[in-house]
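A short write-up of the structure that comes next.
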Amino acid sequence: MPYIDLKNVTYTYPLVKEPCIKDISVSIEKGKFYAIVGANGSGKTTLCNIIRGFIPGFYQGEIEGTVELEGKSLEEYTLGELTSKIGYVFQNPFNQITGARDNVYEEIAYGLENLGVEVPTIRKKVEEVMELTNTAYLADKNPFELSGGQQQRVAFASVLALEPDIFVIDEPTSQLDPKETERVFDIIDKMKKMGKTIILVEHKIELIAEYADDIIALEDGRVVKFGEKHDVLSDLSLIEKGIDLPQTVLLADELRKMGIPAKEKIITKQEMIGQLKQIMGK
Ligand SMILES: Nc1ncnc2c1ncn2[C@@H]1O[C@H](COP(=O)(O)OP(=O)(O)O)[C@@H](O)[C@H]1O
Ligand SMILES: [Mg+2]
């Protein structure tokens, strides 16, 4: 049984004519890492909001088709049940900070406090997620005085503290530099190793090629390709659909045109290095 199952989902925002999500069917398996890719306006954020049950609830509009979590329609869950199962990380970490607490430790503890969790349990959990996100050294700092990357790690820690099984993460690195971006991917990788199901919207295709399992490629509200990352990211026809492909895919294609027999579906630098060594007989 799929973990999250979308069948023929079509969604139209209020006051517009054309649906922005068109007949999408995808099955999400537990414990896998999915990346959603597509040009701006292709429906990535809307799809995230459908998966986390905020559409049609908050946004209204008209939805057709079915969305199920563990065999039960999302409509049958309360909002509280959904938010405890599905954690959401914002694009801009600034929007995730509650402002209700003036240091990082308390900011991360805030959600657990609201749930009435006992103080020793909170302390243990907060220390655990601070370790995981490398934020312990920021414990006494004001969350609003952190760098973007530090804020994003605190945001991840706050969501992780609540122990959701599923993480929906919408462009978490768009405002971060390469080093901070690597740190965020490192956290996501750890989450995956903890058995979490991850649905990530991200443009940095080289990092997706390295870390994700499966890719959902969108164009204009439709899924144009869905499957294992090697199959999806080596499909050159995605370029005209506004989807970036890894540099190694383009390089392998050039090599083939030059008569050098590069293997199909090389999507990471490491795979390309292996291939070049083989070609050069090393
Ligand atoms: N609240 C809204 N009302 C009407 N149209 C919207 C709303 N939010 C997004 N859209 C439209 O839906 C389409 C998909 O948007 P979005 O899901 O944000 O795409 P992406 O995240 O891929 O950039 C776009 O054409 C956008 O203009
Ligand atoms: Mg978006």
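Every number in this text was worked out from the coordinates using simple rules, so none of it is lab data. This one's a predicted model, so the numbers in the text were calculated from it and none came from an experiment. Note that we place each Cβ from the backbone using ideal geometry, even for glycine, and neighbour counts take in every protein chain shown.
Here's the list of aspartates and glutamates a cross-link from Lys32 could span, going by alpha-carbon distance under 13 Å and ignoring same-chain residues fewer than 8 apart: Asp165, Asp189, Asp213, Asp214, Glu228. When +1 charges are put on Lys and Arg Cβ atoms and -1 charges on Asp and Glu Cβ atoms, the dipole computed for region 95-145 relative to its Cα centre reaches about 80 debye.
Spelling out what I want: for every residue of region 198-204, take phi, set θ = phi - 60°, compute 6.51 cos²θ - 1.76 cosθ + 1.60 (Karplus), and round to whole Hz; glycine and proline get x. Residue by residue, region 198-204 yields 10, 10, 10, 8, 7, 9, 6 Hz. Which of the three applies to region 136-186, rounded, prolate or oblate, going by the alpha-carbon gyration tensor with a ≥ b ≥ c and a/c under 1.5 meaning rounded? It is oblate, given that a/c is not under 1.5 and a/b is not larger than b/c. In terms of the Cα gyration tensor, with a ≥ b ≥ c the square roots of its eigenvalues, is region 1-157 rounded because a/c is under 1.5, prolate because a/b exceeds b/c, or oblate? Since a/c reaches 1.5 and a/b is larger than b/c, the shape of region 1-157 is classed as prolate.
By the count of other C-beta atoms within 10 Å, a proxy for reagent exposure, Ile63, Ile36, Ile267 are ordered fewest to most as Ile63, Ile267, Ile36. Positive end of the dipole of region 6-72 (Cβ unit charges, origin at the Cα centre): among Asn49, Val37, Leu69, the Cα lying farthest that way belongs to Val37. Rounded if a/c is under 1.5, else prolate if a/b is larger than b/c, else oblate: which is region 128-282, with a ≥ b ≥ c the root eigenvalues of its Cα gyration tensor? Prolate is the answer for region 128-282, as a/c is 1.5 or above and a/b outweighs b/c.
When you filter the trypsin sites (Lys or Arg not before Pro) in region 1-79 for DSSP loop state and at most 10 other Cβ atoms inside 10 Å of their Cβ, you are left with Lys17.
In terms of other Cβ atoms within 10 Å, Phe90, Phe185, Phe58 run from fewest to most in the order Phe58, Phe90, Phe185.
Averaging the Cα positions of each part gives two centres, and for region 179-234 and region 11-56 these lie 15 Å apart.
The charge dipole of region 228-282, taken about the Cα centre with unit charges on the Cβ atoms of Lys, Arg (+1) and Asp, Glu (-1), comes to about 320 debye, rounded to the nearest 20.
Summing charges over neighbours of Val129, with a neighbour being any other residue whose Cβ is under 13 Å away from its Cβ, gives +1 when K and R count +1 and D and E count -1. Treating each Cα of the chain as an identical point scatterer and summing with the Debye formula, the log10 of I(q)/I(0) at q = 0.13 Å⁻¹ comes to -0.93. Ranking Gly259, Val117, Pro93 by how far each Cα lies toward the positive end of the dipole of the chain (charges on Cβ) leaves Gly259 at the top. Once the Cα-Cα distance is subtracted from the 0.36 nm per residue extended length, the Ala100 to Met280 segment shows a gain of 58.8 nm. For the residue pairs Lys7/Lys85; Lys44/Lys277; Lys85/Lys229; Lys85/Lys269; Lys85/Lys265; Lys193/Lys241, alpha carbon separations beyond 29 Å are given by Lys44/Lys277; Lys85/Lys269; Lys85/Lys265; Lys193/Lys241. Taking other C-beta atoms within 10 Å as the exposure proxy, Glu202, Glu29 rank Glu29, Glu202 from fewest upward. In this Cβ point-charge picture (+1 for Lys and Arg, -1 for Asp and Glu), region 2-120 has a dipole of about 420 debye about its Cα centre.
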